[in-house]
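Working notes, beginning with the structure itself.
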Amino acid sequence: MSNSESHADSDNEEFDCDSRRIPLEHLPMFQRLASVNGKINRMKKRQLLDTMRNKMLNTDGEIDVLKKRLKNHYRMQALIKAKICESEATYFPYFVVIDIEATCTESNPADYKFEIIEFPAVLVDAKKRKIIDHFQAFVKPSINPKLSDFCIKLTGITQDKIDNADSFEVCLTRFTKWLEEHELGIKHKFSIVTDGPFDMARFLYGQCIMSEIPYPKFATKWINIRKVFKAFYFTKQVKHSVPCNLNAMLTFLDMQFEGNPHSGLDDSFNISRICLRLLEDGAFIDQNERIISLKTPTPYGKDDPLPVRPVHNIFCDGMHSHNHRWFVTRLKSLDLNNGV
């Protein structure tokens, strides 16, 4: 797969800010939001709860979560007023949740080539806060066509299903048509959602190299739900030490896993439930990871580098340290009003 064919970015950049800068007309909005966030940080719990009740917001959770929820509310209102978002639901009106299953053994060698054997997707309507459709395709591997006993037991995918399945190229074409049927990427904006970076940066990226097809444009950036979950429910001081996998997230939310673990479709449904809960709790869900094109593209084994970089979206995360001086300089040059 050459760089001319791929939709992946170069790996020359150490940091990505989603290639967006604050448009001049939005600078006052960000200044007002910074002032509002400061006021929220200084609120006592009773004042915080009273404010949230007046705005009919969910008041469950610790004080840090409540503050994030109220900040997200004001941020969303500002984004809608600035016509950056269309509704209160989310920046993306639709999410496509994907949890890929791949070939495996009980102890994968360092250079083991993971081939996709199940490509599922669950479509979430963020405005209506519900799951509206799903897609599932089993894929016939070419390098390791015979599944290991460990893989069969882990995923529940039988050899018969794989033997009668289509190639990855055919399955990807079917999936693309499914997206088009829902007018995703045509009429409606959407984002891929995953549980971790591996589905896109290990399995899909590696499979496209093995199948000698371009990496799909729809998957160049995605939402790693683990990052959203930890950033929303935990403080900066503890979030890096909190275990965060699918079962841990469900347990934290007092939810039970539904279906069969390591079934790609069932995993996707459960990730969708977490996504919906985050929306209900007031989280702003936006893309936070992107694919890059490695100089030596061999993302096969567990020890190979993942071709992934973070995405910091200025409309979701606010200002970041590397842009702070630039931001302050522009504010001063405009002599903006400090009022909220």
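Is there any pair linking a residue in region 33-57 that is of a type in the set (D, E, K, R) to one that is surrounded by fewer than 15 Cβ atoms within 10 Å (Cβ to Cβ) and in a helix (DSSP H, G or I), with Cβ under 6 Å and at least six apart or on different chains, and which?
LYS45/ILE63
Given the options PRO261, PRO305, PRO243, name the one that is surrounded by fewer than 20 Cβ atoms within 10 Å (Cβ to Cβ), outside any helix (DSSP H, G or I) and modelled with pLDDT of 90 or more.
Result of the check over PRO261, PRO305, PRO243: PRO261.
If I go through region 196-230 residue by residue, how many of them are open to solvent by 20 Å² or more (accessible area, probe 1.4 Å) and outside any helix (DSSP H, G or I)?
6
So ILE132 clears everything in (1) within 23 Å of the chain's Cα centre (by Cα); (2) among the β-branched types (Val, Ile, Thr); (3) open to solvent by less than 30 Å² (accessible area, probe 1.4 Å) except one condition, right? Which one?
(3)
Any residue in region 35-44 that is within 23 Å of the chain's Cα centre (by Cα), among the aliphatic types (A, V, I, L, M) and either surrounded by 15 or more Cβ atoms within 10 Å (Cβ to Cβ) or not in a loop (DSSP other than H, G, I, E, B) (or both)?
Filtering region 35-44 for residues within 23 Å of the chain's Cα centre (by Cα) gives none.
The answer is no; no qualifying residue exists.
Just one of the numbered conditions (1) surrounded by 15 or more Cβ atoms within 10 Å (Cβ to Cβ); (2) at pLDDT below 95; (3) of a type in the set (Lys, Arg) is not true of LYS236; which one?
(1)
Scan region 58-78 for residues that are under 19 Å from PHE232 (Cα atoms), hydrophobic (A, V, I, L, M, F, W, C) and either open to solvent by 80 Å² or more (accessible area, probe 1.4 Å) or under 24 Å from the mean Cα position of the chain (by Cα) (or both) and jot them down.
VAL65, LEU66, LEU70, MET76
Tell me which residues, restricted to region 98-129, are open to solvent by 60 Å² or more (accessible area, probe 1.4 Å), without any contact (Cβ under 8 Å) to a residue 60 or more places away in the chain and not hydroxyl-bearing (Ser, Thr, Tyr).
Residues satisfying the conditions are GLU106, LYS127, LYS128.
Quick check on my filter: what residues within region 153-180 are over 23 Å from ILE213 (Cβ atoms), open to solvent by less than 50 Å² (accessible area, probe 1.4 Å) and either more than 27 Å from the chain's Cα centre (by Cα) or at pLDDT below 95 (or both)? Can you show your working first?
To start, the set of residues in region 153-180 that are over 23 Å from ILE213 (Cβ atoms) comprises 153-156, 158-160.
Narrowing the set further to residues that are open to solvent by less than 50 Å² (accessible area, probe 1.4 Å) leaves 155-156, 159.
Listed by number, the list holds a single entry, GLN159.
Does ILE131 satisfy the criteria of being farther than 24 Å from ARG273 by Cβ and of a type in the set (A, V, I, L, M)?
So ILE131 fails the test.
Does SER2 fit the bill of being open to solvent by 20 Å² or more (accessible area, probe 1.4 Å), modelled with pLDDT under 85 and of a type outside the set (Phe, Trp, Tyr)?
Values: open to solvent by 20 Å² or more (accessible area, probe 1.4 Å): yes; modelled with pLDDT under 85: yes; of a type outside the set (Phe, Trp, Tyr): yes.
When the stated conditions are applied, SER2 passes them.
The values are calculated or read from the model by the stated rules, or taken from the named source; none is laboratory data. None of the values given here were measured: they were computed from a predicted structure. Neighbour counts run over all protein chains shown; Cβ positions are idealised from the backbone, glycine included. Note: areas computed on protein heavy atoms with side chains; ligands, DNA, RNA excluded. Shrake-Rupley method; radii C 1.70, N 1.55, O 1.52, S 1.80 Å.
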